[in-house]
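Asks: Quick one: the structure is below, and I'll ask about it shortly.
The values are calculated or read from the model by the stated rules, or taken from the named source; none is laboratory data. Because the structure is predicted, anything quoted here is derived from the model rather than measured. Cβ placement follows ideal geometry from the backbone for every residue including glycine, while neighbour counts extend to all protein chains displayed. SASA here: full protein model, heavy atoms, side chains in, ligands and nucleic acids out. Shrake-Rupley method; radii C 1.70, N 1.55, O 1.52, S 1.80 Å.
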There are 2 protein chains.
Amino acid sequence: MSSSAGPGFVAVDSGGSGLRVVVGAAGRGPLARGASGEPVRTGSRGIDPGHLMEQLVPMARGLAAEAGIGRLDTAAVGAAGLASLGDALRAELPGALARELGVRRVALAADAVTAYVGALGPRPGAVIAAGTGLIAVGTDLTGWRRADGWGHLLGDCGGGAWIGRAGLEAALRAHDGRGGGSGRLLACAEEMFGPAAALPGHLYPRTDRAAVLASFAPRVAECADDDAVAADILRAAARHMADSAAAVYPETGAGAGAVEPLVALTGGLFNMGAPLLAPLDEELAKRLPGARRVAAKGNPLHGAVCIATDLATGSFTLPSDEKMLCVTSPAGGGDTVAPGADT
Amino acid sequence: MSSSAGPGFVAVDSGGSGLRVVVGAAGRGPLARGASGEPVRTGSRGIDPGHLMEQLVPMARGLAAEAGIGRLDTAAVGAAGLASLGDALRAELPGALARELGVRRVALAADAVTAYVGALGPRPGAVIAAGTGLIAVGTDLTGWRRADGWGHLLGDCGGGAWIGRAGLEAALRAHDGRGGGSGRLLACAEEMFGPAAALPGHLYPRTDRAAVLASFAPRVAECADDDAVAADILRAAARHMADSAAAVYPETGAGAGAVEPLVALTGGLFNMGAPLLAPLDEELAKRLPGARRVAAKGNPLHGAVCIATDLATGSFTLPSDEKMLCVTSPAGGGDTVAPGADT
């Protein structure tokens, strides 16, 4: 392992498909990347800090070696579920990172915050992050606001599982002869899952029910051009998204010197393109007529890299938040990265 | 055990809270009742016939002894989930009942069918059965139609979980400052489940998520008098129910001699009274202007008793249906009920 270079950082995006990790150095940017295929477990104490560390420590050591980084003194970790299931992570992760990797500065962020920073950087605005779920996050740089992100049974209105569920409901309405059904969506559902009668058996026994529902969302988008029911579902999704963005958008009118807040979209759901984006632009124009929409600069992992870089260079300016973004300088940091046995 | 009386029947309602069982005799009606507190397990083969028999056989023997019934020659079993998860039950239950209890005639019915018969008896009409879930069933006495009953992620539109979920979603809209929220429902949700931020942690780890959602439905009804959001939720539920009833209501105009089809409501959800029943009457009047609504005569267990009685006396006239109602005369029936070791 080469240890000649200066101190570096590790940036982490922990989500539904596992950890994605970047090791880099301030001024030199990202130098090495890796990914685990295993999502961090959630147990009775919430997100399991031990399981995250088990995966992260050998990866971080290996990537530091690959990048020629001798010491990792900064870590930025964005984690799905942090706001509601992150108590153990907040309590234990900074100390564990100090002990295991010698880290001196830790930023622990909700994945919605890394999504925000990845999309807009450290400036005021609102970001809609949508994949299987949906959350909107906004900041005026003095604090954070979030809207929705409550999961597929309590909200995530307009997200992938929401759209897919609405599409399957419309399919089954057609099957039953109830009003509001779509024969086109029924045909798509049967093509994808088999006979309608077997659909409950495909869904309810699974543990990834939200993902199964979301897997039907692209079919709803495909039908929207010539199926009014599908188009209505995407219009309603767009309305929900605009509701959430409006709820977190910073108060404006702070004076001539204030930076104009922006709106950005991030996440895989927006890959469905025009069938969703066209109504969304219209709904955003109605709800936030003064807000300029810009393309997202990068993804949540990019956001974690930005946070780590700013933290390493002392230029970190984002507001802290008990649940969504905490920055700590754990005791015990500062050691050299111990050589990993598996590198 | 007294074995002096003539042959009897066993009627069963298998649902979310376990088995409810009646033993009786044609002409003498129900003679003994029992209940198990344990819902029949659903495994990879669907509803587990072995687990149903494990609970039913000792209960049926005990109740037959209590009622002085020496032989049970007829069984009517209404089972939740039969239509979609009942393949193993259909294949194995009649033979098992013949072997274990000496039964000669078995009717195996979806719980929606026993609900129908319990409510309206063997006459044409439509029944809305609503508890945690919701299904509508109709018959013109030549066949059965069903609408909805797809479970809390695919439908059950207007049922208890649907109403509760909509109420909690509105509560969280208010929490977030999104449009369409209800501060009143938020206060109810926090009174019931604690701080809003903890709500996902109360719901998602549970296996009975639909029941947790449905537990909030009565609070929505309580708020409907002076909260427009809550009233709108119940109005939308009523509209969904009327959609389902209209989809299964028999075609009329069959001539002067035809019996007028009726509509009835059954299930615990209707205990919420006027806040739901008032909009439902209005929506039914719009969708089915000619249909007369009558009070349900009895519950699904009463429906199973009616089916067993008609089967025992040779007066059974309801149409069979591959998924919803099958009547068989299994080989091997006709033995005396073996004495139960546990009676």
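Asks: Considering only residues that are part of a helix (DSSP H, G or I), among the hydrophobic types (A, V, I, L, M, F, W, C) and more than 9 Å from every other protein chain (Cβ to nearest Cβ), look in the stretch B:213-225 and name the one that is farthest from the chain's Cα centre (by Cα).
Replies: Within the stretch B:213-225, the first condition is being part of a helix (DSSP H, G or I), and the residues that meet it are B:213-214, B:217-223.
Adding the requirement that they be among the hydrophobic types (A, V, I, L, M, F, W, C) leaves B:213-214, B:217, B:220-221, B:223.
The next check asks that each one be more than 9 Å from every other protein chain (Cβ to nearest Cβ); those that pass are B:214, B:217, B:220-221, B:223.
On the way: B:A214: 15, B:A217: 18, B:V220: 23, B:A221: 22, B:C223: 27 Å.
Result: B:C223.
Asks: In the stretch A:134-151, which residues are within 11 Å of chain B (Cβ to nearest Cβ), open to solvent by 20 Å² or more (accessible area, probe 1.4 Å) and either over 10 Å from the mean Cα position of the chain (by Cα) or among the small types (G, A, S) (or both)?
Replies: A:R145, A:R146, A:G149 - these are the residues of the stretch A:134-151 that are within 11 Å of chain B (Cβ to nearest Cβ), open to solvent by 20 Å² or more (accessible area, probe 1.4 Å) and either over 10 Å from the mean Cα position of the chain (by Cα) or among the small types (G, A, S) (or both).
Asks: Further, regarding this structure: When the stretch A:79-105 is examined, which residues are found to be in contact with a helix residue (DSSP H, G or I) (Cβ under 7 Å, 6 or more places away or on another chain), buried (at least 22 other Cβ atoms within 10 Å of the Cβ) and among the small types (G, A, S)?
Replies: A:A79, A:A80
Asks: Does at least one position in the stretch B:155-163 carry a residue that is open to solvent by 10 Å² or more (accessible area, probe 1.4 Å), of a type in the set (D, E) and either more than 19 Å from the chain's Cα centre (by Cα) or not assigned by TED's automatic domain parsing to the domain that holds B:E251 (or both)?
Replies: Looking through the stretch B:155-163, none of the residues is open to solvent by 10 Å² or more (accessible area, probe 1.4 Å), of a type in the set (D, E) and either more than 19 Å from the chain's Cα centre (by Cα) or not assigned by TED's automatic domain parsing to the domain that holds B:E251 (or both).
Asks: Right, here's the next one. For a quick check of your reading of the model, give me the residue pairs whose first member lies in the stretch B:152-163 and is away from chain A (no Cβ under 11 Å) and in a helix (DSSP H, G or I), whose second is among the β-branched types (V, I, T) and surrounded by 24 or more Cβ atoms within 10 Å (Cβ to Cβ), with beta-carbon atoms closer than 9 Å and at least 6 apart or on different chains.
Replies: Note: pairs meeting the criteria are B:G160/B:T132; B:I163/B:V220; B:I163/B:I233.
Asks: Looking only at residues in the stretch A:200-212 that are among the charged types (D, E, K, R) and open to solvent by 40 Å² or more (accessible area, probe 1.4 Å), which one is farthest from the other protein chains (Cβ to nearest Cβ)? Don't jump to the end; show me each part of the working.
Replies: Of all residues in the stretch A:200-212, those among the charged types (D, E, K, R) come to A:206, A:208-209.
Checking the rest, the ones that are also open to solvent by 40 Å² or more (accessible area, probe 1.4 Å) come to A:206, A:208.
Working: A:R206: 10, A:D208: 12 Å.
Only one residue fits best here, namely A:D208.
Asks: Please indicate, with yes or no, whether at least one residue in the stretch B:261-272 is open to solvent by 40 Å² or more (accessible area, probe 1.4 Å) and either touching a Ser or Thr at 6+ places or on another chain (Cβ under 8 Å) or without any contact (Cβ under 8 Å) to a residue 60 or more places away in the chain (or both).
Replies: yes
Asks: Turning to a different aspect of this structure: For the stretch A:230-245, enumerate the residues that are open to solvent by 20 Å² or more (accessible area, probe 1.4 Å) and within 14 Å of another protein chain (Cβ to nearest Cβ). Reasoning before the result, please.
Replies: Taking the stretch A:230-245 as the starting set, the residues that turn out to be open to solvent by 20 Å² or more (accessible area, probe 1.4 Å) are A:231-232, A:235-236, A:239-240, A:243.
Hits for the stretch A:230-245 are A:A236, A:R239, A:H240, A:D243.
Asks: Identify the residue in the stretch A:164-178 that is facing chain B (nearest Cβ under 10 Å) and without any contact (Cβ under 8 Å) to a residue 24 or more places away in the chain and, among all such residues, is nearest to the chain's Cα centre (by Cα).
Replies: It comes out as A:E169.
Asks: Could you please find all residues in the stretch B:19-38 being of a type in the set (A, V, I, L, M, F, W, C), part of a strand (DSSP E or B) and either open to solvent by less than 20 Å² (accessible area, probe 1.4 Å) or closer than 16 Å to B:T309 by Cβ (or both)?
Replies: Hits for the stretch B:19-38 are B:L19, B:V21, B:V22, B:V23, B:A25, B:L31, B:A32.
Asks: Further, regarding this structure: Looking only at residues that are of a type in the set (D, E) and within 28 Å of the chain's Cα centre (by Cα) in the stretch A:319-343, which one is modelled with the highest pLDDT? Give the steps one after another, and end with the answer.
Replies: First pass over the stretch A:319-343, keeping only residues of a type in the set (D, E): A:321-322, A:335, A:342.
Then drop every residue that is not within 28 Å of the chain's Cα centre (by Cα), which leaves A:321-322.
On the way: A:D321: 93, A:E322: 89.
That would be A:D321.
Asks: Can you find even one residue in the stretch B:260-269 that is more than 14 Å from chain A (Cβ to nearest Cβ), within 23 Å of the chain's Cα centre (by Cα), closer than 19 Å to B:G158 by Cα and in a helix (DSSP H, G or I)?
Replies: yes
Asks: Mind listing whichever residues of the stretch A:281-318 are assigned to a loop (DSSP other than H, G, I, E, B), loosely packed, with under 13 Cβ neighbours inside 10 Å and either polar (S, T, N, Q) or modelled with pLDDT of 95 or more (or both)?
Replies: A:T313, A:S315, A:T317
Asks: Within the stretch A:206-217, can one find any residue that is closer than 20 Å to B:G181 by Cα, in contact with a Lys or Arg (Cβ under 8 Å, 6 or more places away or on another chain) and among the hydrophobic types (A, V, I, L, M, F, W, C)? Don't jump to the end; show me each part of the working.
Replies: Within the stretch A:206-217, the subset closer than 20 Å to B:G181 by Cα is none.
Among the residues of the stretch A:206-217, not one is closer than 20 Å to B:G181 by Cα, in contact with a Lys or Arg (Cβ under 8 Å, 6 or more places away or on another chain) and among the hydrophobic types (A, V, I, L, M, F, W, C), which makes the answer no.
Asks: To continue, here is another question. Considering every residue within the stretch B:201-214, establish whether at least one is over 24 Å from A:A210 (Cβ atoms) and at pLDDT 95 or above. Before the answer, list the steps.
Replies: Initially, the stretch B:201-214 is screened for residues over 24 Å from A:A210 (Cβ atoms), giving none.
Checking the stretch B:201-214: not a single residue is over 24 Å from A:A210 (Cβ atoms) and at pLDDT 95 or above.
Asks: Kindly establish whether A:A189 is of a type outside the set (F, W, Y), in contact with a Leu (Cβ under 7 Å, 6 or more places away or on another chain), under 21 Å from B:A247 (Cα atoms) and touching a residue at least 60 places away in the same chain (Cβ under 8 Å).
Replies: So A:A189 does not fit the description; no.
Asks: Among residues belonging to the stretch A:182-199 that are away from chain B (no Cβ under 12 Å) and not aliphatic (A, V, I, L, M), point out the one that is most open to solvent (accessible area, probe 1.4 Å).
Replies: Kept after step one, since they are away from chain B (no Cβ under 12 Å), are these residues of the stretch A:182-199: A:182-188, A:190-192, A:194.
Next, from what is left, pick out any that are not aliphatic (A, V, I, L, M): A:182-184, A:188, A:190-191, A:194.
Values: A:S182: 2, A:G183: 52, A:R184: 98, A:C188: 12, A:E190: 79, A:E191: 138, A:G194: 22 Å².
So the residue we want is A:E191.
Asks: Which condition breaks for A:P122 when tested against (1) closer than 21 Å to A:E222 by Cα; (2) more than 10 Å from every other protein chain (Cβ to nearest Cβ); (3) open to solvent by 30 Å² or more (accessible area, probe 1.4 Å)?
Replies: (1) is the only condition that A:P122 fails.
Asks: Filtering the stretch A:39-56 down to residues that are more than 13 Å from A:G81 (Cα to Cα) and open to solvent by 90 Å² or more (accessible area, probe 1.4 Å), which residue is farthest from the other protein chains (Cβ to nearest Cβ)?
Replies: Per the stated criteria, the residue is A:E54.
Asks: Residues in the stretch A:22-53 that are among the hydrophobic types (A, V, I, L, M, F, W, C) and closer than 19 Å to A:G95 by Cα: how many?
Replies: Summing the residues that are among the hydrophobic types (A, V, I, L, M, F, W, C) and closer than 19 Å to A:G95 by Cα in the stretch A:22-53 gives 4.
Asks: Among the residues of the stretch B:68-88, which ones are in contact with a Pro (Cβ under 9 Å, 6 or more places away or on another chain) and more than 14 Å from chain A (Cβ to nearest Cβ)?
Replies: Within the stretch B:68-88, B:I69, B:G70, B:R71, B:L72, B:D73, B:T74, B:A75, B:G78 qualify.
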